[in-house]
1. As I understand it, the value is the acute angle between the Cα axis of helix A:34-53 and the longest principal axis of the Cα atoms of chain A; what does it come to in degrees, rounded to 10?
2. Looking only at other chains, what is the average number of their beta-carbon atoms within 10 angstrom of each beta-carbon in A:185-197?
3. Compute the separation of the alpha-carbon centres of the range A:28-94 and the range B:1-47 and state it in Å as a whole number.
4. Under the definition of partner shielding as Cβ atoms of other protein chains within 10 Å of a residue Cβ, what is the mean value for peptide A:73-82?
5. Can you tell which of A:75, A:48, A:39 shows the greatest fluctuation in a Gaussian network model of chain A with Cα springs below 10 Å?
6. Taking R0 as 25 Å, what's the FRET efficiency between residue B:45 and residue A:56 from their Cβ-Cβ distance, rounded to 0.05?
7. Sorted by packing (mean other beta-carbon atoms within 10 Å per residue), highest first, where do B:15-21, A:233-239 land?
8. With a 10 Å radius around each residue's Cβ, average the other Cβ atoms per peptide and rank A:62-74, B:39-51, highest first.
């Protein structure tokens, strides 16, 4: 009941900007926040986990080796090879790293007491999308050569008089919309998920502080939060998968022969 | 004299309208997958990656709606 005193409702974009840790409590410089800490934590976990899992590879895998091998095997077989073909094995390490990084970063969104995903800030998805953008363009250039790659991806086989219309469309959709939509998709999913959980959690407190008789409704609202957390888990795994599959399909498009 | 007044953000209404299209689109993606799997169950594994790509591409529109709702909030 003490908590219900003054809960800001409805939640806003401001709720995503967490207080600064270093310098402590500052309002004009944000060198190190919970978000920064979480991203560093993800990198540390992934590096340590994969290094220790493969330190002494054994014929009968240990538990952590089994986990690492199944994650890599999943991305290698079900994403890289299935989407790109036999050539996709080269991209499996990048795609696995991408998948694990996004999955773990998203997963903070539903871990109790952490409950915010770094990917709900546009900066991190944007950076990942830029890396994927560079990867698929450079893969295309290395495979086809600079001129042939751009000719192949920009000039579709069509009558000459329609080309002035098609080339800008191809350029727009391949080189401008792709990185943008990759970043926005991941960001908006995490953003909306966090917002949804905030609405139901804070909504319960807001109703309670408005009238004590609304307690049953508040409890329903909090139960909804728990249900939505499970939905959020689905979204988290799906978005990590979708980001990886789309990157793989862009690489496939860059490597494909013909349009 | 003010006869009727609406306060608050119309962004919610806008987003509701914007979600219709992607809603139909996502429904079509999954209905096609269910239908094709019902007709030919062994094709399920083959079509599943395309289901997720199609889903993601369609869903992006709804998510753009959320993002821009906040970006343009209060600028107009």
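1. Orientation of helix A:34-53: about 60 degrees from the principal axis.
2. For peptide A:185-197, the averaged partner shielding equals 3.
3. 34
4. 1
5. Comparing A:75, A:48, A:39 in a Gaussian network model of chain A, the most mobile one is A:48.
6. 0.10
7. The packing order, highest mean first, is A:233-239, B:15-21.
8. Highest-to-lowest ranking by the protection proxy: A:62-74, B:39-51.
Each reported figure results from applying straightforward, stated rules to the coordinates on display, with no laboratory input. Model, not experiment: these values are computed from the prediction. Here the Cβ is made from the backbone with ideal geometry for all residues, glycine too, and neighbour counts use every protein chain on show.
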